[in-house]
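Data block below; observations after.
The values are calculated or read from the model by the stated rules, or taken from the named source; none is laboratory data. These numbers were taken from a predicted model, which means no experiment stands behind them. Cβ coordinates were reconstructed from backbone atoms using ideal geometry, including for glycine residues, and neighbour counts include every protein chain displayed. With ligands, DNA and RNA removed, areas are computed over all heavy atoms of the protein, side chains included. Shrake-Rupley method; radii C 1.70, N 1.55, O 1.52, S 1.80 Å.
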Amino acid sequence: MDYAFAPAPIVTLDAMSSRPFPVRRIFCIGMNYAAHVREMGGDPSKQEPVFFMKPASAILPNNSIMPYPPQSSDLQPEVEMVVALHKGGRNIPADKVDQNYVFGYAVGLDMTCRDLQRAARETGGPWEMAKAFDHSAPCTAITPEFYAGNIARGKIELKVNGEVRQSSDVSDMIMKVPEIVSHLSTLVELFPGDLIFTGTPAGVGPVEIGDVLEATVAGLEPLLITIGSNT
Ligand code: MN
């Protein structure tokens, strides 16, 4: 096809011995750990799941320097387990979500400009630009399901400069992976290549230029990101 200009390259994530995983879209769920809902001023018993997106181009590979977004002065990382789909569909029943849908798992950081998000919340406007900015989705290679198994529990942690900031267990998720996939598939048709960031535990806070972030989920490759200059 002869396009008006060169189309954007396909964003991929490495997947161990498997061929690279082409990223189609990035979905995220917010407010999926009760302790984090409370620290954000919410009530876990009343909180509905919140879904939002980041563009595939926001993926930042492991071991990168993430430029501090110049539009923000309150950048906050959120450690999240990432689910990679190799089968999609509409209205997928939760009890059908198994390795036929889940290609594998990764560790991601849902980087958030908390000041922009707070300002948007105050005016009731969309907070998309607080979440979907450039390099806002650092992510490791994918560990395929046939190595990792079905991850329903395991320690999830974020260290900043070696100090533990966030520490929980993925079994503390309010909506589990099958329910997330199922619920999301009632809102949009899912496709192979879709990634889902599954929410963050309590302990979110700001980072500064020069900070070293180490995000881990038991059994998966750790994610190492350094915060770089904002110029
Ligand atoms: Mn998040």
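For this structure, a couple of remarks:
- Under 5 Å, built H, 5+ apart or other chain: amide partners of R25: D194, L195
- Where labels lie 7 Å past Cα in the beta-carbon direction, separation of E39 and D74 in nm: 1.5 nm
- Largest to smallest principal axis extent of the C-alpha atoms in the range 147-200, angstrom: 40, 25, 20
- Accessible area in square angstrom per residue, the chain, 1.4 angstrom probe: 48 Å²
- Spatially close lysines, pair count over the chain: Cα under 17 Å, gap of eight or more or interchain: 4
- Residues whose amide H comes within less than 5 Å of that of N32, counting only those at least five positions distant or on another chain, are T200 (H built at 1.01 Å from N in the peptide plane).
- Mean Cα-pair separation over length for the range 120-191, i.e. relative contact order, pairs under 8 Å, 6 or more apart, %: 17 percent
- For the range 66-102, no residue has its backbone nitrogen under 13 Å from a point 7 Å from the Cα of R19, taken along Cα to Cβ.
- Cα centroid separation, the range 140-174 to the range 105-120 (Å): 17 Å
- Scoring 35-46, 199-210, 131-142 by mean Cβ neighbours within 10 Å over their residues and listing the highest first yields 131-142, 199-210, 35-46.
- Per-residue [θ]222 nm for the chain (sum of -39500 (n - 2.57) over DSSP H runs n ≥ 4, rounded to 500): -3500 deg cm²/dmol
- Accessible surface of the chain, 1.4 Å probe, proportion on carbon and sulfur as whole %: 53 percent
- Taking every alpha-carbon pair under 8 Å whose residues sit at least 6 apart, the chain reaches a relative contact order of 31 percent.
- As computed over the chain, the Cα convex hull volume per residue (Å³): 140 Å³
- Candidates E78, E122, E179, ranked by Gaussian network fluctuation over the chain, Cα under 10 Å, top entry: E122
- If R0 is taken as 45 Å, the Cβ-Cβ distance between F5 and Q99 corresponds to a FRET efficiency of 0.70.
- The range 101-229: C-alpha gyration tensor shape, a/c 1.5 cut-off, then a/b vs b/c: oblate
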